[in-house]
Amino acid sequence: MLGQLIVSGLAVGACYSLLALAMVIIYKTSDVLNFAQGEMAMISTYVAFTLMESYHVPFQWAVIFTFLFAILLGAFFELVFLRQAKDPTVLGLIIITLGFEMILMGFAGWKWGPDQRSLAFPVSNIETYNFFGLVMSKINFWTIVISLVLMFILFLFFRYTKVGIAMRATQQNQLAARVMGIRTKWILSFTWAISSMVGAVAGMLIAALGVLDPPMMMDPLMKSFASAVLGGMTSLPGTAVGGAMLGIIENLFGGYVSLSFKSVVAFAIIVLMLCIKPSGLLAKHYVKKV
Amino acid sequence: MVKRNLGLICLLTLAAFLMTAPVSAQQVRGVTDTEILIGQTGPQTGPAAAWGAVARGSGLFFKGINDEGGIHGRKIKYFLRDDGYQPAKTKAIGTEFVEQIGIFGVVGCVGVGPGMSVRDYYTENKVLMVSFGCSGVTNWIQPFNRYIFPVYQLYVDEAKALTRYFYENMKLTKVAVFYQNDDYGKQGLEGVERYEKEKGLKVVAAVSAEVTDRDLSSHALKLKNSGAEAVVLWAMPTHGALLLAECAKIGYKPQWGTSSTLSDGPLMMQITKGLWAGMINSFPIEPPDSNNPLMVKYRAWHQKYEPNERWGTFYYSGCLYAEPLAEGLRRAGRNLTPETFIKAMETIRDWRGAIGAPITFTPTDHQGTRDTRFAQVQPDGSMKILTDWIRITK
């Protein structure tokens, strides 16, 4: 039972990691916690669903179009909502993301209705791989692989590409970055677009693992937030470590202590980490100089 | 002379006012010469929005009734409000219903929590509550409340009867329960426990989940490790789908059974990718493609007024929950007051609409239905009726 609980925890942790990754990308660039991340992912997943169900678009093309949509959605949000904010504080921007979250939730309910749907996915959620007697569904396995690959690509992107470095510079000091010739506004739009796309990947995998409905990302979003806090809000590897740890801790707690309080573990972790090590396990403590 | 005439006019005006005043005082809230005002709250947004189809289904029913000329010359004016399944919102809407709109009664109003938030307020204001809560908890009949007319089978009795079916018809003695951690889920658990206790047995595992939980892997493992041959599932559709998938992953295939709240076979088959086949559930209403003349009529209304709505169990049960209200209004006649309506409702004995199970209300007992039947989900999503009507509530 212990081994299976850990394997299942790793699998669910990979989903938390993916969504946490999307949150961290934005946080790294703008210090903003995006509470609309889950609903942006949900809307993108509905787009994939509609393309496949209503227009019979093959899966791979549906994914490509969904990524394009997600990129446009992220950039649209940044351009139309966040950029228009007058003398925005970080708190003000976070509140705007909350408002956008509610708009998207209402829109999804109006457009697609409240019924649960099943997202067609080429990898089975029921067929399993067997590792020394421990089972993991194929989709769980590929979720772990995808989250690790995405994390690695983003790590390289932030570390070695000009745009990636510009994004980090924008986060550290927007004015200095602008003085150095970085088009910070463009960078911000780009960040939101990339984050939205990563969120769309998470959304499609989470829907394929369970069901597709408007509130499907509420629980994963809170858990991914806890993962990001655990691993470190500015650390990409931290999201993977945080997600995996949270998934395993939750499962072990549910398996051996209490299932009734399993869902509370994530919130207890947020509180504990913020008290003990606010920067998270893998991020350096960063103090903004004024 | 002028002064005397003026005094006379004043006196006559006052007399006329005093004569008309009692008439307006007698006017019944929510009832006019041409209309009866009926309200319903239901989640149109949020996590429980799938159940909001019930309220829209009742809207369809009233459209059809109005098109047929209404009841005793009065049309139903229907007010649907979205409470998002949040009791605080339901309470605010309840105040609006009574103090601003002035409704005669409510029908349906999905949800135990939302319903409990307004039950006493509606009672104080003599608001009739028909098919209230759309749920089989005992909160609507205990303590006895003459303004509430629930029609849903009691969950406790439904779960007990399901366990008996497993035990007596399928010889499955090791039964586990997966339940939602609220009144709805707990009353399912209680029903199973009652039967097991009668037989001197014990529930082999009782596993609960919060409404928002989306990872049920450890729940599935616990059920598997319990060695249960059958699992009674008292949860919402999303949890049903997630749990069956997790159990399939780890190779656990018990006989599943569930409540009538998860009786939308086509929907469940679709979201579980076929895993729902074989599920046994209480099925106290007519199937969606029933040839029952009332169901045929409701489907025609559906095509005429709301063809874009999915003809699912939740949606058409909105019609069925409104049926007893219409029957009560018919029996009450043109002189409609809360008292005449209650008296009329209490004459209903073994009455059948398309709701399926016979309905009875008496002056001392308002639990409308006492029977159910069991059905099994077929691979195409249709329901195979397994039993005749069974009396589950004494």
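Just so you know, all these numbers are worked out from the coordinates, no wet-lab data involved. The structure presented is a predicted model; accordingly, all values stated were derived computationally and were not measured. In this analysis, Cβ positions are derived from the backbone assuming ideal geometry, glycine residues included, and neighbour counts consider all displayed protein chains.
Dividing the helix sum by the residues of chain A, where each DSSP H run of 4 or more adds -39500 (n - 2.57), gives a mean residue ellipticity at 222 nm of -23000 deg cm²/dmol. What the Cβ-Cβ distance of A:SER260 and A:LEU281 gives, at R0 = 30 Å and to the nearest 0.05, is a FRET efficiency of 0.65. Mean separation of Cα pairs under 8 Å and 6 or more residues apart, divided by the residue count, gives chain A a relative contact order of 36 percent.
The antiparallel fraction among DSSP beta bridges confined to the protein assembly as shown stands at about 35%.
Annotation for B:ASP120 and B:ASP388: the two label points, set 7 Å from Cα along the Cα-Cβ direction, are 4.5 nm apart.
Proximity of backbone amide H atoms, modeled 1.01 Å from N, is registered between B:ILE36 and B:LYS75, B:ILE76, B:LYS77 at under 5 Å, excluding neighbours fewer than 5 places apart on the same chain.
Model label sites at B:MET170 and B:LYS197, defined 7 Å from Cα along the beta-carbon direction, differ in position by 2.4 nm.
Footprinting exposure proxy ranking of B:SER135, A:SER189, B:SER217, fewest other C-beta atoms within 10 angstrom first, gives A:SER189, B:SER135, B:SER217.
Taking the beta-carbon count within 10 Å as an exposure proxy, list B:MET116, A:MET167, A:MET204, B:MET236 from fewest neighbours to most.
B:MET116, B:MET236, A:MET167, A:MET204
Annotation: for a label point projected 7 angstrom from Cα along Cα→Cβ of B:TRP351, residues of segment B:52-74 with backbone N closer than 20 Å are B:58-74. Using θ = phi - 60° in the Karplus curve 6.51 cos²θ - 1.76 cosθ + 1.60, the 3J(HN,Hα) couplings for segment A:168-180 round to 5, 4, 4, 5, 6, 7, 5, 5, 4, 4, 5, 4, 7 Hz; x is entered for Gly and Pro. The spacing between segment A:204-232 and segment B:138-154, judged by their C-alpha centroids, is 39 Å. At an R0 of 25 angstrom, the distance between the Cβ atoms of A:TYR55 and A:LYS111 translates into a FRET efficiency of 0.95. Hey, for a label at B:LYS304 modelled as a point 7 Å past Cα toward Cβ, could you say which residues of segment B:38-57 have their backbone N under 13 Å away? Once the point is set 7 Å along Cα→Cβ of B:LYS304, nothing inside segment B:38-57 turns out to lie under 13 Å by backbone N. Between the alpha-carbon centres of segment B:244-273 and segment A:154-186 there is a gap of 49 Å.
In segment B:220-351, Cα pairs under 8 Å separated by at least six residues give a relative contact order of 16 percent. Taking H placed 1.01 Å from N in the peptide plane, check which residues at least 5 places from B:VAL207 or on another chain put their amide H under 5 Å from its amide H. HN-HN under 5 Å from B:VAL207: B:VAL177, B:PHE178, B:TYR179. Which of the trypsin sites (Lys or Arg not before Pro) found in segment A:207-290 are in a DSSP loop and have at most 12 neighbouring Cβ atoms, other than their own, within 10 Å? Taking segment A:207-290 and a limit of 12 other Cβ atoms within 10 Å, the loop trypsin sites (Lys or Arg not before Pro) found are A:LYS284, A:LYS288, A:LYS289.
Using the Cβ-Cβ distance between A:ILE95 and A:LEU134 with R0 set to 45 Å, the FRET efficiency works out to roughly 0.55. Panel order for B:CYS109, B:CYS247, by other beta carbons found within 10 Å of each beta carbon, from fewest to most: B:CYS247, B:CYS109. Would you please classify the overall shape of the protein assembly as shown from the alpha carbon gyration tensor, given that a ≥ b ≥ c denote the square roots of the eigenvalues, rounded means a/c under 1.5, and beyond that prolate means a/b larger than b/c while oblate covers the rest? Judged from the Cα gyration tensor, the protein assembly as shown comes out oblate (a/c at least 1.5, b/c at or above a/b). Taken along its three principal axes, the alpha carbon spread of segment A:20-96 comes to 45, 24, 15 Å, from the longest extent down to the shortest.
Projecting label points 7 angstrom from Cα along Cα→Cβ for A:LEU79 and B:ALA88 puts them 3.7 nm apart. Divide the volume of the convex hull around the Cα atoms of segment A:9-216 by the residue count and you get 125 Å³ per residue. Please say if chain B is rounded, prolate or oblate, where rounded means a/c under 1.5 for a ≥ b ≥ c the square roots of the C-alpha gyration tensor eigenvalues, and otherwise the choice is prolate for a/b larger than b/c and oblate otherwise? Judged from the Cα gyration tensor, chain B comes out prolate (a/c at least 1.5, a/b above b/c). Centre-to-centre separation between the Cα atoms of segment B:320-394 and those of segment B:68-86: 19 Å.
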